[in-house]
1. Among HIS41, THR7, PHE60, which residue has its Cα furthest toward the positive end of the charge dipole of the stretch 2-83, with +1 on Lys/Arg Cβ and -1 on Asp/Glu Cβ?
2. Please give the calculated 222 nm ellipticity per residue for the chain, where each DSSP H segment of at least 4 residues contributes -39500 (n - 2.57) and the sum is spread over every residue; nearest 500 deg cm²/dmol?
3. Take SER72 and ARG85, extend 7 Å from each Cα along the Cα→Cβ direction, and tell me the distance between the two endpoints in nm.
Amino acid sequence: MRLVMRTRHMELAQALAIVVRRTRRAKGWTLEGLAERAGLHRNHVVKVEGATTKASLDVFMRLAQAFGERGSSLLARVERRMRAR
């Protein structure tokens, strides 16, 4: 069961990483630009985009707000990305 949960967390982190990176690049923002807009440290954004950390709900919502969307919209895009794998 732990392996399944670990794998699921990894898949979620990777899907979020892809969505965040693609959205940031589509907007023409640097890592620093996204970090500033989201009120996060650049290193934290690097970890989210690298799928090396599990984003808290607070971080997730900050990213959504920085992108100008609702958390539910960002989550839906992450879910679609997970299904596409």
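1. THR7
2. Values: 5 runs with 64 residues, N = 85.
It lands at -24000 deg cm²/dmol.
3. 2.5
We did not get these values from a lab; they are worked out from the coordinates using the rules stated. Predicted model only: the values in this text are computed from it and were never measured. Please note: Cβ atoms are built from the backbone with ideal geometry, for glycine as well, and neighbour counts cover all protein chains shown.
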